[in-house]
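Read the figures in this text as sums done on the coordinates, not as results from a lab. What you see is a predicted model, and the numbers here were worked out from it, not measured in a lab. Neighbour counts run over all protein chains shown; Cβ positions are idealised from the backbone, glycine included.
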Amino acid sequence: SAVISQKPSRDICQRGTSLTIQCQVDSQVTMMFWYRQQPGQSLTLIATANQGSEATYESGFVIDKFPISRPNLTFSTLTVSNMSPEDSSIYLCSANSYNEQFFGPGTRLTVL
Amino acid sequence: AQSVTQLGSHVSVSEGALVLLRCNYSSSVPPYLFWYVQYPNQGLQLLLKYTSAATLVKGINGFEAEFKKSETSFHLTKPSAHMSDAAEYFCAVTEAGGTYKYIFGTGTRLKVLA
């Protein structure tokens with residue numbers, strides 16, 4: 001199994017600013033992902049964080065808005081740039097280990 | 001393309017009654033299927049998974065699900081609901097041996113009535 005931690009757990013930010021969310025896995029994993037869960041909705045995949053190369057973004061998500069880093073096999077960051085109230089969501093990091101996907105506790109972001 | 005449909009965004013059952021949460025999938029390749037539970041203000045926890053072994057899968061907290069290829073279904077059941085089962089339940093699909101990208105259903109909020 002994999003234990004995933006995220007920082008911060010929650011934040012309240014002003015419009016136009018940026019927030020970087022950190023994700024740490026307690027073991028080396030090949031695949032890491034970032035999801036968004038908007039209020040009362042399901043999870044939407046933002047991107048696959050690739051170690052040593054640019055992230056792979058899903059339709060509707062772009063690197064300028066959601067830059068992602070993956071410097072090694074246990075760590076990734078997601079930045080939410082130039083935030084607006086529509087970015088208020090829970091952002092979840094996940095990692096795949098032995099055909100099972102583990103999720104972090106999420107970062108609850110509120111943009112005013 | 002893969003997709004998941006969860007019928008019923010809200011389901012209410014009485015304590016002690018059968019829980020049935022429906023999930024149908026669409027996949028052009030053999031899928032892996034999962035049920036996750038999310039309690040209020042918490043992350044997702046894996047309940048059970050189907051990865052092409054036994055079609056009847058038993059999970060934690062007394063839940064089980066049966067993979068029915070002919071019906072493209074993976075419904076979640078529990079014989080007797082407990083108050084602590086009240087939560088949001090998500091069905092997810094991924095491509096067997098593929099990219100490990102998960103596609104989630106829209107979720108079903110389970111309410112357990114005393």
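Could you list B:His82, B:His75 so that the one with the fewest beta carbons within 10 Å of its beta carbon is first and the one with the most is last? Kindly include the intermediate steps, with their values, before the conclusion.
Details: B:His82 13, B:His75 19.
If I rank by nearby Cβ atoms, fewest first, I get B:His82, B:His75.
Taking 45 Å as R0, compute the FRET efficiency from the Cβ-Cβ separation of B:Ser84 and A:Ser18 and round it to 0.05. Before the final figure, lay out each step's value.
Working: r = 39 Å, r/R0 = 0.87.
The formula returns an efficiency of 0.70 here.
Can you flag which of B:Lys69/B:Lys101; B:Lys68/B:Lys101; A:Lys65/B:Lys69; A:Lys65/B:Lys58 are past 31 Å Cα-Cα? Don't skip to the end; give the middle numbers.
Values: B:Lys69/B:Lys101 21 Å; B:Lys68/B:Lys101 22 Å; A:Lys65/B:Lys69 40 Å; A:Lys65/B:Lys58 41 Å.
Long pairs (Cα-Cα over 31 Å): A:Lys65/B:Lys69; A:Lys65/B:Lys58.
Among B:Lys68, B:Lys58, B:Lys49, which one shows the biggest mean-square fluctuation in a GNM of chain B, springs joining Cα atoms closer than 10 Å?
Checking each option, the largest mean-square fluctuation is seen for B:Lys68.
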